[in-house]
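Input: a single structure, listed below in structure tokens.
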Amino acid sequence: MPTNSTYITILREPFSHLKSAYEYYKIEKYFVAKAPGTFDPSNPISSFLKDPYFYSSNGTNFTIIRNSQSADLGIREEHLETTRFQEYLETLDKDFSLVMILEYFDESLLMLKRLLCWELKDILYIPMNENSRKRILPYTEEDRMLYKEFSPLDHALYSFFRSKFASMLKSQNKEFFDELSHFKSLLKEVRFNCMFGNTLVVKATQWHSEFEFTGEDCRLANMDCIYPIPDGTLLVVLALSSLAISVAILKSQLQVHAFRITPFETLKVSTPLRQEPPPRASTCPPAKNVVFIKTHKTGSSTVANIIFRYGLVRKLNFALPNRAIFQRLLNHISIPGEVMTEPS
């Protein structure tokens with residue numbers, strides 16, 4: 001990728017991530033089958049955490065509920081036991097221009113907007129894959145502690161970057177929080193208007209010129225970045241395989257350069273960490289070389305949609321990781337813009 005590329009990702013509080021995975025994947029049905037009469041489906045989290053290694057063994061290795069965010073960023077469990085783990089976290093901090101936090105989603109998007117010099121309209125969104133009929137899953141504080149022991153990498157990763165984000169948020173001035181309040185108000189208006197396909201006219205403010213959020217904008221904001229192909233299979237253009245690090249790249253030029261996250265084993269810490277908060281967008285040129293490293297069950301589908309819409313309406317190019325399955329699927333479809341693959 002060009003040297004001016006902006007790398008971003010998003011993380012979620014691990015126990016909340018666990019509950020979301022239970023909701024989305026209905027994992028307890030596998031555990032009931034594995035231990036009939038022992039596993040209590042009415043109390044699935046506590047039942048699982050009584051013996052998590054048993055339920056995770058012998059073909060039921062649900063990596064989505066153990067250190068999955070760390071795996072998406074290339075961290076393995078053995079790294080936690082080394083003295084270089086902290087250095088690797090700091091290297092990730094240096095590699096990424098912004099690590100968003102789901103628990104501060106709107107704040108994260110506003111920082112992203114300022115970092116990329118985008119417009120406020122660009123980050124308006126409708127939540128993707130939101131579960132409106134959530135079950136109430138019982139759990140105890142002991143369950144939280146047991147899960148921290150079972151998924152230590154994700155807890156260490158989240159703690160590190162949440163602390164970084166909190167410091168960055170604390171350094172923002174009143175004008176940032178005024179814009180944040182305006183952004184949240186606009187989100188409510190967008191969701192209401194999009195329910196009926198209406199066009200929302202947003203008057204000019206100190207942060208943006210007058211603009212419209214049309215029915216077509218609503219349609220794109222509801223698009224899950226998935227395209228059907230003839231055999232009925234689904235190609236996820238931005239939310240890619242859960243078995244590999246997933247990348248969505250907006251490119252402002254045709255030349256494709258190799259991209260890969262720094263392997264833990266070849267870690268070299270030689271440059272100062274980037275501590276400055278993203279600047280307020282003013283007259284700076286909007287960023288077009290953007291790399292999104294997708295984590296799973298973290299709000300990443302909504303972020304992917306925002307990036308997708310930005311590239312689509314500006315006819316930018318998309319690049320995907322170079323995996324044989326991606327190219328095979330891409331041969332079956334035609335989408336706006338140009339799709340390229342990055343070398344593995």
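What follows is calculated from the coordinates using simple rules that are stated; it is not laboratory data. Values in this document were obtained by computation on a predicted structure and should not be read as measured data. Cβ: placed from backbone, ideal geometry, glycine included. Neighbour counts: every protein chain shown.
Hey, what did the range 12-73 get for relative contact order, percent, Cα under 8 Å, at least 6 apart? Please list the in-between numbers first.
Values: 26 pairs, mean separation 16.9, N = 62.
Rounded, it is 27 percent for the range 12-73.
Net charge within 11 Å of P138 by Cβ-Cβ distance, Lys/Arg positive one each and Asp/Glu negative one each, not counting P138 itself? Before the final figure, lay out each step's value.
Working: positive: K19, R135; negative: D40, D143.
With Lys, Arg at +1 and Asp, Glu at -1, the neighbours total 0.
Report the calculated FRET efficiency for A204 and T83 (r = Cβ-Cβ distance, R0 = 41 Å), to the nearest 0.05.
After rounding, the FRET efficiency stands at 0.15.
I want the local charge near G197. Using Cβ-Cβ distances under 10 Å, sum +1 for each Lys or Arg and -1 for each Asp or Glu among the other residues.
On the way: positive: R219; negative: E216.
So the surrounding residues net to 0.
Magnitude of the Cβ-charge dipole of the range 67-168, K/R +1 and D/E -1, about the Cα centre, nearest 20 debye?
Numbers: 13 positive and 19 negative charges, 78 e Å.
Charge dipole of the range 67-168: 380 debye, to the nearest 20.
Ranked from highest to lowest mean number of other Cβ atoms within 10 Å per residue, what is the order of the peptides 292-300, 197-205?
Top to bottom by mean Cβ count within 10 Å: 292-300, 197-205.
Can you return the lysines within cross-link range of K148? Criterion is Cα-Cα under 24 Å, with same-chain partners fewer than 8 residues away left out.
In chain and number order, the partners are K19, K26, K29, K34, K50, K134, K164, K294, K297.
Can you check what the net charge comes to around R162, using other residues whose Cβ is under 11 Å from the Cβ of R162 (Lys, Arg +1; Asp, Glu -1)?
Result for the local shell: 0.
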